Amino acid sequence: MVDKKTFQELDQLELYTLLKSRVDVFVVEQQCAYQEIDAYDLKATHVRLQDNQNLVAYARILPAGSKYVEASIGRVLVTKAYWDRVYGKE
């Protein structure tokens with residue numbers, strides 16, 4: 001199931017799951033030394049692909065004018081448990 005929610009619409013468990021997944025991928029696996037959680041999360045639409053209650057994939061969409069002139073897509077990831085299922089190939 002694909003869904004999209006604003007920061008305010010996410011419940012505590014949903015927020016924890018997506019932030020933990022982002023840290024796992026970008027900070028731990030890719031060793032990116034930058035502030036992963038930022039104020040843009042508050043303005044973003046958070047798009048998730050879920051398999052039952054498991055997070056499969058995620059992306060953060062920022063509205064035009066929030067960070068860049070145009071809307072932007074970032075923090076795109078597929079969780080490690082689903083890497084072998086070809087999500088995100090194209």
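Observations on the model:
- Between helix 12-22 and the chain: long-axis angle, C-alpha atoms, 0 to 90°, nearest 10: 80 degrees
- GNM result for the chain, Cα springs below 10 Å: residue of Val69, Val27, Val56 fluctuating most strongly: Val69
- Fewest-first ordering of Asp3, Asp41 by other beta carbons within 10 Å of each residue's beta carbon gives Asp3, Asp41.
- P(r) of the chain over all Cα-Cα pairs, binned every 5 Å from zero, in whole percent: 3, 13, 25, 26, 19, 11, 2, 0
- Size of charge dipole - region 2-83 - debye, nearest 20, with Cβ of Lys, Arg +1 and Asp, Glu -1, no other charges: 120 debye
- Neighbourhood charge, 12 Å Cβ-Cβ cut-off, centred on Lys5 and excluding it, Lys, Arg +1 and Asp, Glu -1: -2
- Annotation note: chymotrypsin sites (Phe, Trp or Tyr not before Pro) in region 28-83 located in DSSP loop regions with a Cβ neighbour count of at most 14 within 10 Å are Tyr34, Tyr68.
- Cα→Cβ-extended label distance, 7 Å offset, between Gln50 and Leu15, nm: 1.6 nm
Rule-based calculations on the coordinates, nothing more; no lab input. Everything numeric here is computed off the predicted structure, so don't read it as measured data. Positions of Cβ are backbone-derived with ideal geometry, glycine not excepted, and every protein chain shown enters the neighbour counts.
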